[in-house]
Every structure is written in C-alpha cells, then in structure tokens.
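Undergrad: Take this structure, written in structure tokens, and hold onto it; I'll ask about it next.
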Amino acid sequence: MAIKSLDCVTVEDITGLGISSDAAKKLHGDLTEILRENANSAADTWKKISKRILNPNLPFAFHQMMYYGCFKDFGSDPPAWIPDQETAILTNVGRFLEKRGKEFLGSKYKDPITSFLDFQEFSVSNPEVYWKMVLDEMNISFSVPPSCILYEHTSEGGHLSYPGGQWLPGAILNCAENCLNLNGKRSLNDTMIIWRDEGDDNLPVKHMMLKQLRSEVWLVAYALDTLGLAKGSAIAIDMPMNVTAVVIYLAIVLAGYIVVSIADSFAPLEISTRLKISNAKAIFTQDVIIRGDKILPLYSRVVDAQAPLAIVVPSRGSSLKMELRGCDMSWHAFLERVEHFKKDEFAAVQQPVDAFTNILFSSGTTGEPKAIPWTHATPLKAAADAWCHMDIQKGDVVAWPTNLGWMMGPWLVYASLLNGASMALYNGSPLGSGFAKFVQDAKVTMLGVVPSIVRAWKNTNCTAGFDWSSIRCFSSTGEASNVDEYLWLMGRAHYKPVIEYCGGTEIGGGFVSGSLLQAQSLAAFSTPAMGCTLFILCSDGNPILQNTPGIGELALAPIMLGASNTLLNANHYDVYFRGMPMWNGKVLRRHGDEFECTSKGYYRAHGRADDTMNLGGIKVSSIEIERICNGVDDTILETAAIGVPPVGGGPEKLAIAVVFKDSNSLPDVDQLKMKFNSSLQKKLNPLFRVSAVVPVSSLPRTASNKVMRRVLRQQFSQLYQASTSRIASGFLLQSPPQRPSTSL
C-alpha cells in the first residue's frame, strides 16, 4: 500500500479498503477536522485519530493508512502512544512523584512525565533511597530487616564474588509468604486468581480469593513435609501454568524448599538434564496436557526422563486414568496424608535473603543449559519492574500466557500477587478465540504477550468481536517485535500502549523497558529499567558515550537488585564478567544482545551477539541444536545453527548451514530440513522449527578454530534480503546459493 500524507487521503481511498461510502464520508470528515485542529503536530494528530476515529472493527488497512500517513515525514521512532498528565498522575510512579518528587529530585522536578528520566537516573545513583521506597510501596515484610539496602564490597575477593554488591544484607524473609500476607494491598476476600479451562469458554470465569489460596497453599506445604526431604531440597514442577501449578509453586517456596522450573514442552532428555543438574528429589507433573482436541503426554515423558518420585496431578481436575510407577503417587493420595491440617495455617520457613527459592535454566553457549538460582531477592526485582513499568496496581488483572519453566511464569506470580493484583490464567492454548474471550470475560487490565502469539492472533483474526477495552496496557518480551503486528495489537484495545520489556532469567526481570510516563514507539524500548544502566560497546570493546546513538553489543552496570551472583553448573564470574571493560571502577556485566540506541533516545534489539539465539521466546544455544543436527544424516560433516532476523522485524528464523562430507553430491535439502525438524522436535523442543537449510563449502572460523556464527548471521541476513523473490515457506531458499570458500 502506497503511503499517502493524511491531507491527501480521499473518501475513495477509504472506500477502497472495504468501508461503506457513508462510513467513509464520516471518517474522512472526522479526519479533516482533526487535521485542522493539529496542523503542525503529527504526534497530536495521531493521538486524536487513535482516540476518536479508530476502533477494532475497522479494517486494519485503514489503521495502517492513518498511522503511516500521519508519520510519513516524521523520521525514525514515531510514537504510537503518548501519555497525558491526567493519566500519568494516576500511575504508581506518577502518584509517588506528585507526592515526593521535589523531595527526591529537588528543583529538577517538574511533573511525572517531564521528570521521569530524572527519576530513573535517581534510582541508579541512590539505590538506598529508591529501593527502600519501592519495598515500602509493595508492603514487603521481613522477619529480620536488612542492615542496609546495598553493601558494595571494596576488597578484591569481595569484588570478584559480588561485582554487583550484596543486596539487603542480613535480611530474613519468605517471598511466598509475602504473596499471601494480609496488608494494605489485600484482604481475605480479594480475588487472587481468575481462571478458565479451555472448552468451558461459555461458562463464567472462576475466582480464587485470598482466603482459599492461603488454605490450599498451606495444605500442600504440610504435605511436602511428609515426603521426608531435607529443607532446601530441590523439587521440580513440570506442568502447564494452571491454578494447581501456582499453588504448588508457592507451597514449595513457603515450606523452605527450592522449585526446579521445567517447561511442559520439553522432551525427556531435556527434562532429565535439568533434574540431574538441580539434583531434584521429587517432581510435580500432570498426567496429560489437553489442548483443544489434542491430548499430549506429560507423565510418560517424565517417566522416560527417569525422574525421581513424581506426584501426578490429573488434568482438568478429573481422576487419574493411568497406571503410575511404584515410586510415584497421585495428587489425591499426596493431599490425603494431611487432611487433618486443612484448616491450619502453615508457618512459613523464614530464610536469609540470598537463600535459593527457584532454579531456572537459560541456554548458554556450552551446550548445557545454565542453571540459574533465584533467591528471595529476585521476586522483589520482578514485582518492582511491574510496579514501575507496567503500572500494576491493586485491582488490576494480569494475564501473560507463559509457563513456570520460563522466567515469565514466576515473574507473573510475583508481579501480580506482590502488587495486590489478580493473576489471570487460561488453562489451554492462547492462540485461539477461547483465550481472546477469556481476556474479555476476566476483564484483563495488563496483557503480556510474545510476538509469535500476536502474529497468530493477527493471522487468524481470532480476537474479532471481543471487547478488550479493560486493557490499560500490553507488555511484550521474549522475541523481537514487528511494528505492523504491534500496531494491530494496540488497535484491539483502542490504542493502549505496548510496554516492551527485555531482561533475562539471570536478572529476574528487565534491564530495558517502556513506561506509561513516556511516549512509546512500536518495537522499541523507551528507558533503562529502574535501577539499571545500559552500555553499548564499540568494536574495540569499550562503551560508547551514554545516550549517544550507536549500535553494538550490550553490557550492563553490575549493580542490579535481584541479579544472579552464582550458577550451579558454571563459573558465574567467567560467564558474566571476565574480560568485560571497567566503568567507574566497576566491571560491566555481559549480556550478549546486540542493541541500538537511536537518535531519539529509544533502544532497539537486534538479536544475539554471541552463539545463543531466540526461537519463539526460548533462548537456546547453537551448540545444542548443532549436536542434534550433526547426527541426522551420515552425509553431514558439520553444521552451524544461526538465528536470522527477518526483514521488517520479528522473531529470529532458524537457519542451518551444512557442510557435507562430499561437496560434489548434495542431498535433497527439503528432505534434510524435514529430518532436522523431526529430530529437534523429538530430542530438544517440539516448538522448534528449521526455516532454512543452506549448503556451504566450509564454516568461517577464527584463528583459534571457533566458528564465527556472527559472520554467518550477517551473510544469511544479506542473502535473505537480496533473495526475497526466491523464498518459499517463509524463508527456505529454493536452490542453494553459490558457495565461496569461506561460507555462502
């Protein structure tokens, strides 16, 4: 569609999009009036168009015509949402700044919107003041309060052990207990969880009040103690994220054990790897997973993984209909042990703030997933991000299709419950109209997404006819976003903002985000997260000047509440700090994404700078994929797995460069692609899909013989952009490219 300036749009242009003549005339008249009112401001024009003209029932092509026409001559980073003072002062941060902004910022304070970046800088330079304020706002209680907020080591030994300092030293608490406490944010009759099972889409949503949640968590905690495990033992959860899984999660932490997070999509080998690394003593799982008409195995995968004691929950609350191993027990039998405790409160196990609560996994470049422990401090970071950046408040309803196996599952638990909000869980696929109706019926106010889900919604139009007007904002993480898809998403909720959010399992939240007090540009981040400082490294490895436009590998200042300081199966300092540049006497923390700071102060992500890629929101190392692909066919000498960002943005596509033993006899790449997909989905993750197989004569390598996947990524991206006419099935090249001696 050719982009026209809005003053050149005619009634005929509008009717050409399938809009009736009478409606087109009305829309054109409203547009003409708005243009007359805001002749010199594209931002104000768009703000009024999005509020007064656009609605979800109009063709998306009309939304595109208005947005792109409005900002035709704007340049980079046009705003898709713009805050106003009336709504800004109702946010968590706005209310706080109106009350204490001058106390914190002095004469620099003007108003919440103007002074937001000053407040962000204050959060970095005054961590003692900022974090005490946030913990007070969230009503966090300690059985023993910390001696201070942050203790920064000065000795060399302490520097190496804690480059980010020690947070809340001496504090003793239980973060699960804080989710269940009565305080100024909640009462016993407050709704904590709202849910619905797929297939019950025409029934009312179900509610769990705090009183019931506490009772169920306490009962499971009592039952856990009957297993005879030592406090601090690791107990895995491999289940869909439903009400029972959340109850189990909170009970494990409340009772002083450690959750081992395993995604319910994992194959037996991946389950086994995580159980062994964490030394899990037991596992909670489900008999099967029901998704629409499909029944997917789960317990059988846990058995194939040779898991220890399994407690098996029946799907959708039915009775178990399968035979269990002799060492395992049903959910009913597990709870039956402690029926006499049904009305008794469980005394939360109080622990030091740095005691482990959860072991999560993030793929590294060694082929083995990194085991990242969360402590009692990590949930405070997750909840604080939600308090500031997504503005989650008491009375909000927060939904984010995810799983406890990924960090956004525990994040959702703490971000909602520690802020006095309700958690909304849909026990089924988030890709269809059932989930869209659940968002409407649950009156979700903050909807979290990953771009691949948004793409499915847009392609199927499954949200049509549902009222998403309760949504105050979206948030997006996991993958690179696509501008057009997120323009469509905003339009489903009458142009509420999308808060882009990027972080990591090892951080417990985000390092860069958006805010309801700043203009939001599509697929871009508007601010470093509170308490965080970002650095973009030049080619020489040193940071460019802060707030200066540029592109390079991202590094982080080490001082971040909740960030990891240990790994179970790797040297933490070597992974995140060794070889990194110094700044203000502190070694920077490695992250590995390639980031851009734009001329207008926004940040954009450009994928991984190392050998880790992001496939559908799941970080995975190239080596993990290559290990499987190398054994698929005996004609293969070696492979290189590359994540390639598509033209126009969006999640990375998986391309496999293949070097064959006999370069004169190449097999059918279509058949090879099918073999790769079958093996990866069986042995690694059923969600992974190879989009391209590219034969190459050899892999580019460094002098020390390391594969230069970054070079391949750059070449594949250029090839993709130059060869769109030869692309089928989203990415697959129909014929192999010419093969220079080094790569393509």
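Undergrad: Along segment 403-416, what does the Karplus equation 6.51 cos²θ - 1.76 cosθ + 1.60 (θ = phi - 60°) give for ³J(HN,Hα), rounded to whole Hz, x for Gly and Pro?
TA: These are the phi-based 3J(HN,Hα) values: 8, 5, x, 10, 4, 6, x, x, 4, 4, 4, 6, 4, 7 Hz.
Undergrad: May I ask which residue of S278, Q681, G16 lies farthest towards the positive end of the charge dipole of the chain, with charges of +1 (Lys, Arg) and -1 (Asp, Glu) on Cβ and the Cα centre as origin?
TA: So the residue we want is Q681.
Undergrad: Explain nothing, just the number: dipole magnitude of segment 108-173 about its Cα centre with +1 on each Lys and Arg Cβ and -1 on each Asp and Glu Cβ, in debye rounded to the nearest 20.
TA: The dipole magnitude comes to about 60 debye.
Undergrad: I've got another one for you. Bin width 5 Å, origin at 0, all Cα-Cα pairs of segment 1-47: what percent of pairs per bin?
TA: 5, 22, 29, 22, 17, 6, 0
Undergrad: Related question: Give the aspartates and glutamates reachable from K99 as a straight Cα distance under 12 Å; neighbours fewer than 8 places away on the same chain don't count.
TA: Answer for K99, where 12 Å is the Cα cut-off: D111, listed by chain and number.
Undergrad: Among Q671, L210, V260, pick out the residue whose Cα is farthest towards the positive end of the charge dipole of the chain, where Lys and Arg carry +1 and Asp and Glu carry -1 on C-beta, about the Cα centre.
TA: Q671
Undergrad: If each DSSP helix of 4+ residues adds -39,500 (n - 2.57) and the sum is divided by the residues in the chain, what number results at 222 nm, nearest 500 deg cm²/dmol?
TA: That comes out to -9500 deg cm²/dmol.
Undergrad: Can you give the net charge of the other residues whose Cβ lies under 11 Å from the Cβ of S691, counting K and R as +1 and D and E as -1?
TA: +2
Undergrad: To the nearest 20 debye, what is the magnitude of the charge dipole of segment 584-695 about its Cα centre, counting +1 on the Cβ of each Lys and Arg and -1 on the Cβ of each Asp and Glu? Kindly include the intermediate steps, with their values, before the conclusion.
TA: Values: 15 positive and 14 negative charges, 119 e Å.
For segment 584-695, the charge dipole is close to 580 debye.
Undergrad: With each pseudo-label sitting 7 Å past Cα toward Cβ, what's the I172-D30 distance in nm, one decimal?
TA: Those two pseudo-labels are separated by 6.2 nm.
Undergrad: Using a Förster distance of 60 Å, how high is the FRET efficiency between M133 and D662, based on the Cβ-Cβ distance and rounded to 0.05?
TA: Here the calculated transfer efficiency is 0.35.
Undergrad: Classify the chain from the C-alpha gyration tensor, please: rounded if a/c falls under 1.5, else prolate or oblate depending on whether a/b exceeds b/c.
TA: It comes out rounded by the Cα gyration axes.
Undergrad: Can you work out D for segment 317-401 in µm² s⁻¹ from Stokes-Einstein, where Rh is the Kirkwood radius over C-alpha pairs, the temperature is 25 °C and the viscosity is 0.890 mPa s?
TA: Numbers: Rh = 17.9 Å.
Calculated translational D: 137 µm²/s.
Undergrad: In debye, nearest 20: dipole of the chain around its Cα centre with unit charges on the Cβ of K, R (+) and D, E (-)?
TA: 260 debye
Undergrad: Restricting to DSSP loop positions (anything but H, G, I, E, B) with no more than 11 other Cβ atoms inside 10 Å of their own Cβ, which GluC sites (Glu not before Pro) remain in segment 1-86?
TA: Working: sites: E12, E33, E37, E86; in loops: none.
Listed in order of number, the matching sites amount to none.
Undergrad: Sort 114-127, 456-469, 428-441 by packing, meaning the average of other beta carbons within 10 Å per residue, with the highest value first.
TA: 428-441, 114-127, 456-469
Undergrad: Mind scanning K443/K653; K132/K443; K276/K342; K458/K653; K231/K394 and naming the pairs with a C-alpha gap bigger than 24 Å? Before the final figure, lay out each step's value.
TA: Values: K443/K653 34 Å; K132/K443 32 Å; K276/K342 34 Å; K458/K653 19 Å; K231/K394 33 Å.
As for pairs spanning more than 24 Å Cα to Cα, those are K443/K653; K132/K443; K276/K342; K231/K394.
Undergrad: Equivalent ellipsoid semi-axes for segment 233-280, as square roots of 5 times the alpha carbon gyration tensor eigenvalues: give them largest first, rounded to whole Å. Don't skip to the end; give the middle numbers.
TA: Numbers: eigenvalues 69, 43, 4 Å².
Semi-axes from the Cα gyration tensor: 19, 15, 4 Å.
Undergrad: While we're on this one: Take R578 and A2, extend 7 Å from each Cα along the Cα→Cβ direction, and tell me the distance between the two endpoints in nm.
TA: 6.0 nm
Undergrad: Can you bin segment 108-173 into rounded, prolate or oblate? Criterion: square roots of the alpha carbon gyration tensor eigenvalues sorted a ≥ b ≥ c, rounded for a/c under 1.5, prolate for a/b above b/c, oblate for the rest.
TA: Oblate, because a/c is 1.5 or more while a/b does not exceed b/c.
Undergrad: For a label point 7 angstrom out from the Cα of R291 toward its Cβ, which stretches of segment 669-692 have the backbone nitrogen within less than 20 Å?
TA: Residues 674-691 fall inside that zone.
Undergrad: While we're looking at this one, here's another question. Rounded to the nearest 0.05, what FRET efficiency do T87 and K110 have when you use their Cβ-Cβ distance and R0 = 25 Å?
TA: FRET efficiency, T87 to K110: 0.90.
Undergrad: Based on the alpha carbons, how large is the Rg to Rh ratio for segment 6-75 when Rh follows Kirkwood?
TA: Ratio of gyration radius to Kirkwood radius: 0.93.
Undergrad: While we're here: Using r as the Cβ-Cβ distance of E37 and Q212, and R0 as 60 Å, what FRET efficiency do you calculate, to the nearest 0.05?
TA: 0.70
Undergrad: Cross-link partners among lysines for K682, C-alpha distance below 16 Å, same-chain residues fewer than 8 apart left out?
TA: Output for K682: K673.
Undergrad: OK, next. Under a point spin-label approximation (7 Å from Cα along Cα-to-Cβ), what is the D22-E368 distance to one decimal in nm?
TA: 7.1 nm
Undergrad: Same structure again: So what are the ³J(HN,Hα) numbers for segment 251-266, from phi and the Karplus equation (6.51, -1.76, 1.60; θ = phi - 60°), rounded to whole Hz, Gly and Pro as x?
TA: Listing the rounded values in order: 5, 4, 5, 4, 8, x, 9, 10, 6, 10, 8, 10, 5, 6, 8, 6 Hz.
Undergrad: What is the set of long-range amide H partners of I289 at a cut-off below 5 Å, with H atoms built 1.01 Å from backbone N?
TA: Counting only residues 5 or more places away or on other chains, the set is L296, L298.
A short reminder: the numbers here are calculations on the coordinates, not readings from a lab. If you're wondering where the values come from, they're calculated on a predicted model, not measured in any experiment. Note that we place each Cβ from the backbone using ideal geometry, even for glycine, and neighbour counts take in every protein chain shown.
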